[in-house]
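First up is the structure itself, then whatever we jot down about it.
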Amino acid sequence: MLAALLPALLVPALAAPPVELDGPPVEGAVVLPLWAGAETADGSIPGGLADGADAPTLAIHVPKSPNGAAVIVCPGGGYHVLATAHEGRDVAKWLTDRGVTAAVLRYRVKKQVPGPLHPAPLLDVQRGIRLMRKHAKEYGVDPAKVGVLGFSAGGHLAASAATLHTDEARELNPLADADPLAASVSARPDFAVMIYPRITYIQPAGLREIPRLAGDGGTLFGAGATEEQLAGLSLQTQVTADTPPSFLVTTNGDEGVPAENSVLFWQACRAANVPAELHVFDRGGHGWGLGGPDSEARGNPGPDWTGAFETWLAGRGLIRAAE
């Protein structure tokens, strides 16, 4: 089952070592228990936590010279596991090397929640954004420069953060007010980055068939997921003029999460006059993280997309332009 959901994460042993899943936070990171002090009346975490499961955390990596920007990093893993190394720790280092404070979010996945998973991951990413703003001064962050970046299922979570913060979207999140910070701190990211993201769980009319839609959605809603539920978390349907500027990367060769997902979100942004930049590379399958030489070494080569990302960040005043 796991191999079917995560074809690019399980690399053959002869090609490269296995991808680290659910690994510990990197040494030196400031690890915040995500929901400390925000438990419900019975002491539980909003959205639930299975007995014996690790509680979600936010591992904050502070650069030597913070430039004011911050990114909540959401590793992928099909909402079943978290690829905490190449889609978490490595990404945090890339960001901090450029002065950006990076916070790797260990959001809840299927095994950590009794019953349907949704809205637990959404609550976690929104809580992470709010905590970063709450602690902005402590970590040298401008609360108006807090973004979110996600890979695969983490890309779906990043897109959820970018779209499901509005009053109109509250009906999709029955626990929208569970976070005590909700009344005073915004959960809307100032920018959103989605790398080979899952976006849709429905088949848009007139588009090439996208495989494995409803089955993936069942991870969030359970086996009885309705068309209405799947449509609600097909995030191209949730883009509005209040969706933040977005940057998306995908490949023609991705059979795990086809490129059409990213295209749908980009088209919705254009229709809503939201600034959005989309890069569709020919080379690469799924799960290659930062791509380039590092992904070659892991046996899962992907495009060298970070140069374009660096240019985009610099153009938005989030990092200093390369000299």
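The values are calculated or read from the model by the stated rules, or taken from the named source; none is laboratory data. It should be emphasised that the depicted structure is a prediction, and the values quoted were computed from it without experimental measurement. Counting neighbours? That spans all protein chains shown, and the Cβs are built from the backbone with ideal geometry, glycine included. Surface areas here come from the heavy atoms of the whole protein model, side chains and all, with no ligands, DNA or RNA. Shrake-Rupley method; radii C 1.70, N 1.55, O 1.52, S 1.80 Å.
Relative contact order, whole percent, for the chain stands at 17, derived from Cα pairs under 8 Å and 6 or more residues apart.
Gaussian network model of the chain, Cα springs within a sub-10 Å range: biggest mean-square fluctuation belongs to which of Ile45, Ile199, Ile60? Answer for the Gaussian network model of the chain: Ile45.
Where nothing but the Cβ of Lys and Arg (+1) and of Asp and Glu (-1) is charged, how large is the charge dipole of the range 110-196 around its Cα centre, in debye to the nearest 20? Mind showing how you got there, number by number?
Values: 10 positive and 9 negative charges, 56 e Å.
The dipole of the range 110-196 has a size of about 280 debye.
Extension gain, Asp177 to Ala53, is 42.3 nm, computed as 0.36 nm per intervening residue step minus the present C-alpha separation. What a 1.4 Å probe finds exposed on the chain is 53% carbon and sulfur by accessible area, rounded to a whole percent. In straight-distance terms, cross-link reach from Lys134 covers every one of the lysines whose alpha-carbon lies under 27 Å from its own, apart from those fewer than eight places away in the same chain; here that gives Lys64, Lys93, Lys145.
Helical runs assigned H by DSSP (4 residues or longer) give the chain a calculated mean residue ellipticity at 222 nm of -7000 deg cm²/dmol, each run adding -39500 (n - 2.57) before division by the residue total. For the pair Glu228 and Ala271, label points projected 7 Å from Cα toward Cβ lie 2.1 nm apart. Please check: in the Gaussian network model of the chain (C-alpha springs, under 10 Å), which one of Leu117, Leu172, Leu264 has the largest mean-square fluctuation. Checking each option, the largest mean-square fluctuation is seen for Leu172.
Give a quick list of trypsin sites (Lys or Arg not before Pro) in the range 137-181 that DSSP marks as loop, anything other than H, G, I, E or B, with at most 13 other Cβ atoms within 10 Å. Could you put the intermediate results ahead of the total?
On the way: sites: Lys137, Lys145, Arg170; in loops: Lys137, Lys145.
Here the trypsin sites (Lys or Arg not before Pro) that fit, given the DSSP loop and packing criteria, are Lys137.
Rolling a 1.4 Å probe over the protein heavy atoms gives the chain an accessible area of 41 Å² per residue.
Using Cβ point charges alone (K and R +1, D and E -1), the dipole size of the chain about the Cα centre works out to roughly 480 debye. The length gained by stretching the chain between Asp22 and Arg283 to full extension, at 0.36 nm per residue less their Cα-Cα distance, is 91.2 nm. Count the DSSP beta bridges whose two residues both fall in the chain, then state the antiparallel fraction as a percent rounded to the nearest 5. Taking every DSSP beta bridge with both residues in the chain, the antiparallel ones total about 30 percent. Between amide H atoms placed 1.01 Å from N, distances below 5 Å from Ala276 occur with Ser246, all of them 5 or more places distant or on a separate chain. Selection among Leu318, Leu181, Gly76 by position relative to the dipole of the chain gives Leu318 as farthest towards the positive end (Cβ unit charges, Cα centre).
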